[in-house]
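Scroll down for the structure; my scribbles are underneath it.
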Amino acid sequence: MTPLLQISNLTITPKKQPTRLLVNGVSFNIEAGKTTCVVGESGSGKSLTALAVMGLLSKQLQLNSGSILFSNAQAGVQDLSKLDIASLQKIRGAKIAMIFQEPMTSLNPVLTVGYQIGESLTAHLGLKGAALKAKIASLLEMVGIPAGRADSYPDELSGGQRQRVMIAMSIACEPQILIADEPTTALDVTVQAQILQLLHALKTRMNMGMLFITHDFGVVADIADNVVVMFRGEIVESGAKEAVLNNPQHPYTQALLACVPDAEGKKPLKPIDYSWLGHAA
Amino acid sequence: MSELILEANHLVKTYTQRSGRFGFNTTLVKALDDVSVGLSAGKTLAVVGESGSGKSTLARCLLQLHPFDSGEVIFQGQQLDQLNGQALRQMRQYLQMVFQDPFASLNPRMRVGEIVGEGLLIHGLGSSSEQQKKVVAMLKRVGLTEADMQKYPHEFSGGQRQRVGIARALVLQPKVVVCDEPVSALDVSIQAQILLLLKELQAEMALSYLFISHDLRVVRHIADDVAVMFQGRIVEQGSVADIYDNPREEYTRKLLSAIPGKATQH
């Protein structure tokens, strides 16, 4: 089976400092119906990789090398890094959708949530009037919000509900790939568990490939099929979840796993260990 | 059971919230509904619960940063809510707080040396050279250097800023420190370092912590006792081992089962 998304040798640098490798030679695949988790500390290049897939990199950054091959169900295999803006706009929201980290800031406060969910439906599928309303209502119910809330403004919803609205927006056009950039970091544990379950159910039902960015290994253990560990712009380890979590090969993965507190309190707390860097250098 | 250093009895705090069209009506929100907690000397009491459950309101009421409607707070045998301005200010030396967001809780226009030394200045502890020495010693203790005194907060990473926040709270030799989600804004890799630092300092300086958190994995490692809050009430209170191994309340069980990664760890 060809992978849904094939990222190979992706390198991102600032335009003014082409020698500073923010993302350095990153390659991994996303398969249909599978969740790939990208794990790493702040500044490891997780979010930049996701933004590059969407073609949303800041103007100050550039893709130096590498390709992002996407198996579009309609247009065949496309290299997202080479597409022009018009073609990217056809893919964004329709084929590849993204959920952002902060549900508090990523919704427009002066538009109703129903309108915001409907935007991509109108743009990509040309839905209007009653059909649009019905589709919005069914999407809201799918993510567990009463359809009557379509006329609410974002400030009338709780953090968990706003993140559900973001999810409804992203799955509106039934994308092939869903990118979630730390979708639960800003939420409470109980709400986090609900959102993770919802994402898992939707992924299975729609056979989406999911790229899930997080720094929480507990979340990884719950939802991942494959894991990619990033450190300072490079992939240090990748593989199936069981292999990476139970039998980590790279010292950084081991150090990162060791400093995650466990719920039983059996494991002693350990600060992260960078001593392996000395050996590598 | 050891002696209680800080005790709250039957605290009630209500907020009025504007509601209805144009906010013409008001509704009362009970942020604290008959809350009683006791913090043992030298121990850590964790307060857990979802956002909006009243954890932070409780912390603020304990430190008299918010007035409350009824109830009492007793610190070392003195009723804090009866103290007037001057006496309360003197007492605050022994009641310090470490805040959640290390990016928002340090004044960007003050040097780290000034931030950490401000409490000493306000309470007039020692001459300026003694204060200087204390600041340097405290910064070194939390893992920063003397040279860092001249720097501004923006020159530090999140973990380092939280160290500055801890130094600021501890330089006054407090007895009780309220930590309001001190690690939730930090990377997992930095969390453990800060938690270990807090534990070491507790042993060295005989501190009692009131530790507010919604991360039950963190609480398991740092707390001696746990109080579970839900909608302004304490639904369950007990030792860490009891709460985690035999949760009696439905809500506690729900919180515990929501810990990510739990299903696969067994």
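The values are calculated or read from the model by the stated rules, or taken from the named source; none is laboratory data. Remember, it's a predicted structure, so these values are computed and weren't measured experimentally. Note that we place each Cβ from the backbone using ideal geometry, even for glycine, and neighbour counts take in every protein chain shown.
Every residue, every condition in (1) under 26 Å from B:ALA104 (Cα atoms); (2) among the hydroxyl-bearing types (Ser, Thr, Tyr); (3) more than 7 Å from chain A (Cβ to nearest Cβ), yes or no:
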| site | (1), (2), (3) |
| --- | --- |
| B:LEU186 | yes, no, yes |
| B:VAL218 | yes, no, no |
| B:ILE222 | yes, no, yes |
| B:ALA227 | no, no, yes |
| B:GLU236 | no, no, yes |
| B:ASP242 | no, no, yes |
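So that you can scan it fast, the table gives a plain yes or no per residue for (1) at negative phi; (2) of a type in the set (Ser, Thr, Tyr):
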site: A:GLY55; (1), (2): no, no
site: A:SER58; (1), (2): yes, yes
site: A:SER71; (1), (2): yes, yes
site: A:GLY76; (1), (2): no, no
site: A:LEU80; (1), (2): yes, no
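Given the conditions (1) buried (at least 23 other Cβ atoms within 10 Å of the Cβ); (2) more than 9 Å from chain A (Cβ to nearest Cβ), and given that B:GLN191 satisfies all but one, which numbered condition is not satisfied?
(2)
Which numbered condition trips up B:SER129, out of (1) farther than 17 Å from B:LEU65 by Cβ; (2) in contact with a strand residue (DSSP E or B) (Cβ under 6 Å, 6 or more places away or on another chain); (3) among the polar types (S, T, N, Q)?
Among (1) farther than 17 Å from B:LEU65 by Cβ; (2) in contact with a strand residue (DSSP E or B) (Cβ under 6 Å, 6 or more places away or on another chain); (3) among the polar types (S, T, N, Q), the lone unmet condition for B:SER129 is (2).
For the stretch B:45-65, state whether one or more residues are touching an Asp or Glu at 6+ places or on another chain (Cβ under 8 Å) and more than 22 Å from B:ARG220 (Cβ to Cβ).
Within the stretch B:45-65, one or more residues are touching an Asp or Glu at 6+ places or on another chain (Cβ under 8 Å) and more than 22 Å from B:ARG220 (Cβ to Cβ).
Output the residue which, of all residues in the stretch B:84-126 that are among the polar types (S, T, N, Q) and in contact with a strand residue (DSSP E or B) (Cβ under 9 Å, 6 or more places away or on another chain), is modelled with the highest pLDDT.
Within the stretch B:84-126, the match that is modelled with the highest pLDDT is B:GLN96.
So which residues in the stretch A:3-43 are within 14 Å of chain B (Cβ to nearest Cβ) and either among the aromatic types (Phe, Trp, Tyr) or more than 30 Å from A:GLU174 (Cα to Cα) (or both), if there are any at all?
If the condition is that a residue be within 14 Å of chain B (Cβ to nearest Cβ) and either among the aromatic types (Phe, Trp, Tyr) or more than 30 Å from A:GLU174 (Cα to Cα) (or both), then A:GLU41, A:SER42, A:GLY43 are the ones that fit.
State whether the residues of the stretch B:20-31 include one that is modelled with pLDDT of 85 or more, surrounded by fewer than 17 Cβ atoms within 10 Å (Cβ to Cβ) and either more than 18 Å from B:VAL235 (Cβ to Cβ) or acidic (Asp, Glu) (or both).
Scanning the stretch B:20-31 turns up no residue that is modelled with pLDDT of 85 or more, surrounded by fewer than 17 Cβ atoms within 10 Å (Cβ to Cβ) and either more than 18 Å from B:VAL235 (Cβ to Cβ) or acidic (Asp, Glu) (or both).
Are any of the residues in the stretch B:48-66 exposed (fewer than 15 other Cβ atoms within 10 Å of the Cβ) and over 30 Å from B:ARG253 (Cα atoms)?
Taking every residue of the stretch B:48-66 in turn, at least one turns out to be exposed (fewer than 15 other Cβ atoms within 10 Å of the Cβ) and over 30 Å from B:ARG253 (Cα atoms).
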